[in-house]
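**Q** Structure in structure tokens, see below.
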Amino acid sequence: MTTSPAPGQIVILNGPPRSGKSSIAAAIQASFEGVWMNLGVDRFMAMTPARYHPGIGLRPGGERPDLEPLVRTLYAAMYESIAAHSRLGLSVVTDIDHHDCYSTPLGILPDCARRLAGLPALFVGVRCPVEVIVARRRATGWHTAGEEADALRRAQMWEDAVHTPGIYDLEVDTSVLSADECAARIAERLASGEAGTALAKLAALG
């Protein structure tokens, strides 16, 4: 008789682009014990045919209503994959930017949270001031056709959308903590043995 492995730990890093999620995910993979699989937004966007981009990376504002039904399915498939890895004993870190600012609300986050029911998961808010986010984007070659105020306004819109409703097990600020320090905070929370409750609360919203 085969014994099922204990489920792997899941860490969901939620924050806007350039907030530092990918760097934290890399730090977790490099420093945490065991096998940590990175099943983040960039991985799933890379698997999505180009004609359906940006897929799950769709920005707030209802920019592509024609893609929204597919986006809901892509998120469901992503979280079912996360759950499958965990059930096989593999730990998972996911960097994502959840929001519900589509042409009509889709309730994607509560649906995703329900797909991880019964599995050990932490939902971590990755915070960063919009001024720092805009500066990071400019430093990597991104330019806006508008003025600085417009770039900040759009960054603030994304920040607000991604951190609504703002229910987390832990929050980190990458403007004051390095990626390694953020990973250490997450490791401390995991070592405490305190179970995450944020996803159960989110699941109950929809």
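**Q** How do the peptides 61-68, 123-130 rank, highest first, by the average count of neighbouring beta carbon atoms within 10 Å per residue?
**A** Details: 61-68: 13.6, 123-130: 22.1.
Result, highest mean Cβ count within 10 Å first: 123-130, 61-68.
**Q** So what's the gap between the Cα centers of the range 1-48 and the range 49-67, to the nearest angstrom?
**A** 23 Å
**Q** Springs between alpha-carbon atoms under 10 Å, Gaussian network over the chain: tell me which of A149, A117, A76 tops the mean-square fluctuations.
**A** The residue that fluctuates most here is A149.
**Q** Measure nothing fancy, just the Cα-based angle from helix 148-162's long axis to the longest principal axis of the chain, in degrees from 0 to 90, nearest 10.
**A** The helix 148-162 is inclined about 30 degrees to the chain.
**Q** With an 8 Å Cα cut-off and a minimum separation of 6 or more residues, compute the relative contact order for the range 1-148 in percent.
**A** Computed value for the range 1-148: 42 percent relative contact order.
**Q** When Lys and Arg each count +1 and Asp and Glu each count -1, what net charge do the other residues less than 15 Å away from T197, Cβ to Cβ, add up to?
**A** Residues close to T197 contribute a combined charge of 0.
**Q** So, one more: Mind checking the angle between helix 130-139 and the chain's longest principal axis? C-alpha axes, 0 to 90 degrees, to the nearest 10.
**A** Rounded to the nearest ten degrees, it is 80.
**Q** Neighbour counts of other C-beta atoms within 10 Å: give me I167, I82 arranged from fewest to most.
**A** I167, I82
**Q** Moving on to the next point. Pairing the Cα long axis of helix 179-192 with the longest principal axis of the chain, what angle in degrees results, from 0 to 90 and rounded to the nearest 10?
**A** 40 degrees
**Q** Okay, next question. How high is the relative contact order of the range 87-206, in percent, with contacts defined as C-alpha pairs under 8 Å that are six or more residues apart?
**A** Values: 107 pairs, mean separation 52.1, N = 120.
So the answer I get is 43 percent.
**Q** Grab the DSSP H runs of the chain that are 4 residues or longer, score each as -39,500 (n - 2.57), total them, divide by all residues and round the 222 nm result to the nearest 500 deg cm²/dmol. Display every interim value, and only then the final one.
**A** Values: 8 runs with 91 residues, N = 206.
Estimated from H runs of four or more residues: -13500 deg cm²/dmol.
Since every read-out is calculated from the coordinates, none of them should be taken as a lab result. Computed from a predicted model, the values in this text were never measured in an experiment. With ideal geometry, Cβ positions are generated from the backbone for all residues, glycine too; neighbour counts draw on all protein chains shown.
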